[in-house]
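Some notes on the structure that comes next.
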Amino acid sequence: MMQPSEQTSFSHTNALPSDLTSQYQVEDDDIFVGADKHEKTLTFIKYALQLEAIDEGWLYEQQGWMFNQLQRYREALEAFDRARHLGYGNDGWLYKQKSYALTRLDRAEEALEAGERARKLGYLNEE
């Protein structure tokens, strides 16, 4: 077993291609402090998708949530649609998150439809 001093940190390696490690430029001052952690999570999701090591539908669902957290709602909708097409079409949480993104994009009618779909699938609002 490696000793802690012998272990390699990801921050000291070039394990990820440069296109996956580029940083998102934040132009909106309203994005909260944790945005950098969400960006890092997006990087690892992209890497996992290339490895095909984890359920792609789940990864896209998580990617959509991260995009929502970063106020990147159009990208969130794309990720949720990919997840839906990969077998997550009966996931109430996905539709609740999709409804949130649609609301933020002022697409109220579509947001209501997605919210209703979430409710029909048994998603209970946690708030």
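Annotations
- Residue, surrounded by the fewest Cβ atoms within 10 Å (Cβ to Cβ), within the stretch 82-108, restricted to residues that are in contact with a helix residue (DSSP H, G or I) (Cβ under 6 Å, 6 or more places away or on another chain) and of a type in the set (Lys, Arg): 104
- Annotation: of all residues in the stretch 67-100 being among the basic types (Lys, Arg) and part of a helix (DSSP H, G or I), the one that is nearest to residue 118 (Cα to Cα) is 96.
- For the stretch 46-56, taking the residues that are closer than 20 Å to residue 89 by Cα and assigned to a helix (DSSP H, G or I), the one that is modelled with the lowest pLDDT is identified as 49.
Listed here are the residues, each with its yes/no results for (1) under 19 Å from residue 57 (Cα atoms); (2) among the acidic types (Asp, Glu).
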{"site": "75", "(1), (2)": "yes, yes"}
{"site": "82", "(1), (2)": "yes, no"}
{"site": "88", "(1), (2)": "yes, no"}
{"site": "99", "(1), (2)": "yes, no"}
{"site": "102", "(1), (2)": "no, no"}
{"site": "107", "(1), (2)": "no, no"}
{"site": "112", "(1), (2)": "no, no"}
{"site": "118", "(1), (2)": "yes, no"}
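- Some residue of the stretch 80-96 being touching a Ser or Thr at 6+ places or on another chain (Cβ under 9 Å) and either within 27 Å of residue 34 (Cα to Cα) or touching a residue at least 60 places away in the same chain (Cβ under 8 Å) (or both): no
The values are calculated or read from the model by the stated rules, or taken from the named source; none is laboratory data. Just so it is clear, the model here is predicted, and its values are computed rather than measured. As a convention, Cβ positions derive from the backbone with ideal geometry for all residues, glycine included, and neighbour counts pool all protein chains shown.
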